[in-house]
Amino acid sequence: MRTQLKATAAVIAAGALCLTVAACGSDGSGDGGDRASDLTASQQAAVEAAKASYEKFSATQALDAVPPLPSAPPTGKTMTIITCSLPVCITLSDGAADAAAKIGWKLTTLNSNSTPEGFVSAMNQVAANPPDALTYIGTLPDSSIKSQLAKIKAAGTKIVTISPIGDPLKEGSTVQAVSGGPADVAQSGKLMGDTVVADANGPAKSVFVWDPTYAGVWGKIKTSYQEVLGSAGSKPGILEVSNANIGKTVPSQIVSYLQAHPDTEYVALAIVDYNTGLEAALKAAGLAGKVKIVSRAANPSALKAIADGSQFASVGLELAGMAYRSVDQLARLMMNVPLGDRLDKPGWQQIYVKSNVTQTSEQPEPPDYVKAYTTAWHVG
């Protein structure tokens with residue numbers, strides 16, 4: 001991810017420059033060719049695999065079973081969550097507040113404001129007064145907060161990270177479990193690629209939009225997407241933007257890319273928030289309906305756009321449900337209950353398209369996830 005402030009500033013400056021020189025990133029257009037022919041046996045197999053995955057994950061997905069605890073978690077514990085300023089983070093922190101209340105824990109929420117300074121400041125606060133449980137959405141690698149984490153662990157705090165930068169479990173660090181980890185983000189990128197390849201029935205001319213300063217968290221989204229497209233015979237273009245410019249210059253950057261690469265068929269968004277202002281920008285440029293938008297972390301706005309046909313698809317992720325997953329991990333650690341495969345596994349995900357969108361007013365989450373967890377916690 002980002003390791004210093006200058007990197008973020010440089011990306012923002014590069015984002016502004018893109019508006020004057022049409023677009024940033026590599027050009028993956030023109031690789032598809034005739035989708036009905038010229039595929040090798042391995043490429044055809046990749047297309048069929050993508051279609052099978054799309055069929056599976058566009059069906060209603062159930063939450064994986066939550067193993068019951070031997071008894072209700074201890075009450076009266078303190079918990080802190082360090083969140084960020086993106087809408088998806090707010091949904092996560094709201095879910096953590098709800099889950100903590102269910103088991104009688106007192107939650108403190110700290111917002112890093114998605115900046116390195118804010119993240120370090122929040123972690124310093126936690127280190128100064130360690131809680132019983134901590135979960136955090138990282139803005140810097142754990143190596144940047146090594147001393148704080150060591151102090152927090154020494155106080156006996158159970159530590160789980162959400163959407164970690166890299167894979168902290170491999171480092172044998174203070175982190176004891178992860179939610180939304182490498183396996184989770186890789187699957188979401190794969191499902192975006194499967195959706196594109198399945199719809200195109202072969203190679204597709206697409207562009208992947210992301211903020212490279214989030215590479216520590218999102219790198220596997222991009223590489224998984226590229227692998228699916230590549231195995232089917234096409235190379236996606238890459239458009240680099242800054243999350244600081246969501247709803248500002250990002251729509252214009254996407255439009256500029258499409259104008260410079262008019263044969264692009266699909267736009268894959270690493271995060272659904274890139275949709276902000278995009279529909280209006282496409283209409284103003286006469287590009288509405290000319291490309292299919294596939295996003296990640298579906299929200300009500302994306303579902304509405306899919307239902308009315310202005311966008312094609314979005315991969316739904318557990319958000320509040322992921323917060324529940326993290327609280328579940330913390331409770332198990334506190335009670336010395338082995339996590340097993342719940343140490344780090346892909347969470348609930350579903351591909352949303354027009355045919356399976358049934359509501360557009362609420363954040364998509366795993367069906368009945370609150371009941372599943374509270375039953376497992378013996379508090380339901």
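See the values below:
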| read-out | value |
| --- | --- |
| Members of the range 342-380 that are aromatic (Phe, Trp, Tyr) and more than 20 Å from ALA50 (Cα to Cα) | TYR369, TYR373, TRP377 |
| In the range 102-127, the residues that are among the polar types (S, T, N, Q) and surrounded by fewer than 20 Cβ atoms within 10 Å (Cβ to Cβ) | THR108, THR109, ASN111, ASN113, SER114, THR115, SER121, ASN124, GLN125 |
| Residues located in the range 198-215, provided they are in a strand (DSSP E or B) and either more than 18 Å from the chain's Cα centre (by Cα) or outside the structural domain of GLN259 (by TED's automatic domain parsing) (or both) | SER206 |
| In the range 230-241, the residues that are more than 13 Å from GLN253 (Cα to Cα) and either free of Cβ contacts under 8 Å to residues at least 40 places away in the same chain or not hydroxyl-bearing (Ser, Thr, Tyr) (or both) | GLY230, ALA232, GLY233, LYS235, PRO236, GLY237 |
| Residue, surrounded by the fewest Cβ atoms within 10 Å (Cβ to Cβ), within the range 61-101, restricted to residues that are of a type outside the set (A, V, I, L, M, F, W, C), in contact with a helix residue (DSSP H, G or I) (Cβ under 6 Å, 6 or more places away or on another chain) and assigned to a loop (DSSP other than H, G, I, E, B) | PRO68 |
| The range 285-313, subset outside any loop (DSSP other than H, G, I, E, B) and polar (S, T, N, Q), residue nearest to the chain's Cα centre (by Cα) | SER295 |
| Selection from the range 256-284 of residues that are of a type in the set (Gly, Ala, Ser), crowded, with 20+ Cβ neighbours inside 10 Å and in a helix (DSSP H, G or I) | SER256 |
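Let's see how each residue does on (1) in a loop (DSSP other than H, G, I, E, B); (2) surrounded by fewer than 16 Cβ atoms within 10 Å (Cβ to Cβ); (3) within 21 Å of the chain's Cα centre (by Cα); (4) not assigned by TED's automatic domain parsing to the domain that holds ARG325:
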{"residue": "PRO338", "(1), (2), (3), (4)": "yes, yes, no, no"}
{"residue": "GLN350", "(1), (2), (3), (4)": "no, no, yes, yes"}
{"residue": "GLU362", "(1), (2), (3), (4)": "yes, yes, yes, yes"}
{"residue": "LYS371", "(1), (2), (3), (4)": "no, yes, no, yes"}
{"residue": "THR374", "(1), (2), (3), (4)": "no, no, no, yes"}
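Residues checked against (1) surrounded by 24 or more Cβ atoms within 10 Å (Cβ to Cβ); (2) in contact with a Ser or Thr (Cβ under 6 Å, 6 or more places away or on another chain); (3) free of Cβ contacts under 8 Å to residues at least 40 places away in the same chain; (4) under 26 Å from TRP348 (Cβ atoms):
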residue	(1), (2), (3), (4)
ILE162	yes, yes, no, yes
PRO182	no, no, no, yes
GLY189	yes, yes, no, yes
ASP211	yes, yes, no, yes
TRP218	no, no, no, yes
VAL228	yes, no, no, yes
ASN243	no, no, no, yes
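The values are calculated or read from the model by the stated rules, or taken from the named source; none is laboratory data. A quick note: this is a predicted structure, and the numbers were derived from the prediction, not measured. Don't worry about glycine lacking a Cβ; one is built from the backbone with ideal geometry, like all the others, and counts go over all protein chains shown.
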